[in-house]
1. Give me the orientation-averaged projected area of the Cα convex hull of region 48-125, in nm², one decimal.
2. What do you get for trypsin sites (Lys or Arg not before Pro) in region 20-90 restricted to DSSP loop and a cutoff of at most 15 other Cβ within 10 Å of the site's Cβ?
3. Per DSSP helix of 4 or more residues, -39500 (n - 2.57); summed, then divided by the residues of the chain. What does that give at 222 nm, rounded to the nearest 500?
4. Taking R0 as 22 Å, what's the FRET efficiency between His162 and Phe96 from their Cβ-Cβ distance, rounded to 0.05?
5. Could you pull out the trypsin sites (Lys or Arg not before Pro) across region 147-238 that fall in loop regions by DSSP (anything but H, G, I, E, B) with no more than 14 other Cβ atoms inside 10 Å?
6. Using r as the Cβ-Cβ distance of Asp53 and Glu73, and R0 as 22 Å, what FRET efficiency do you calculate, to the nearest 0.05?
7. Pull out the extension gain between Asp242 and Glu2, defined as 0.36 nm times the separation in residues minus the alpha carbon to alpha carbon distance; nm, one decimal.
8. With label points built 7 Å along Cα→Cβ from the Cα atoms of Arg189 and Ser226, find their separation and express it in nm.
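Nothing in this text is a laboratory measurement; each read-out follows from the coordinates by a stated rule. Since we're looking at a predicted model, the values are computed, not measured. Backbone-built Cβ (ideal geometry, glycine too); neighbour counts: all protein chains shown.
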Amino acid sequence: MELHAVADLPEIRPGDDIADLVADRTALEPGDVLTVASTIVSKAEGRTADLEDYPVSGRAKELAERIGAVAGEEKDPRFAQAVLEESTELLIERPFMLTETRFGHICVNAGIDRSNVPDHDLLLLPRRPTRSAERIRAGLAARGHEDVAVIVTDTCGRPFRHGQRGVALGWAGMSASRDWRGEPDRDGRELGVTVQSVVDELASAANLVTGEGADGTPAVVVSDWSFGDLEGSDELFRDVEDDLVRQALREWEFEQ
């Protein structure tokens, strides 16, 4: 497997065609996977905002006060309001807001970014990252780059570990996971629970190439990689009924 960054992408503006910009700057072959950071997808889709766009509700003011009391510093209730409007559920209210986004991703502060946003205060996640991936994939195909899968990526932390890693928010042209259940391990024992999140692993690998600093590059091409013969699935985000952690968090918040 090889990964290389798409060099010399410009600052992305609303309305920019990411497929066109990528196709002009790198070679793509059938079977390649293009990973694209959600930051440039959001910028192309005009998903920027300012704090003044969010009239503060009583709920947002309460959240900002509670989080600020834990942190020992004042928190802007307008930011809390933005998080509420980008979320379908608030799983943890303090010492930070852990939310479910409107497309099912669980993350802190609805994934709202306050860095690398020229001329605005906030950068919101794409509304529907899988549709964004489908659009970019169709755009590449229209330019003669057939059979290129696309993953829209982001970075987020993971409980019990320091640091952030790349994750997939949306994808097109490939399954999200490989299902190893029923396959034998090296000792011949049948695997019973192993489902490999391929899109997350490719997103994390690409993040090693993109980097996190000011000199990072937001698009990476993965070549000479094969999904293999295993069954695939588009399931990535757990349903509430199967998510024991979310159920426990709901019970914890109810008891507070």
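1. Over all viewing directions, region 48-125 projects a mean Cα-hull area of 4.9 nm².
2. Within region 20-90, the qualifying trypsin sites (Lys or Arg not before Pro) (loop, at most 15 other Cβ atoms within 10 Å) are Arg25.
3. Dividing the helical sum by the residues of the chain leaves -9000 deg cm²/dmol.
4. Given R0 = 22 Å and the Cβ-Cβ separation, E is 0.90.
5. Loop-located and lightly packed - Arg161, Arg181, Arg186, Arg189, Arg238.
6. The value I calculate is 0.45.
7. Values: separation 240, 0.36 × 240 = 86.40 nm, distance 3.54 nm.
Length gained, Asp242 through Glu2: 82.9 nm.
8. With each label point 7 Å from Cα toward Cβ, the separation is 2.9 nm.
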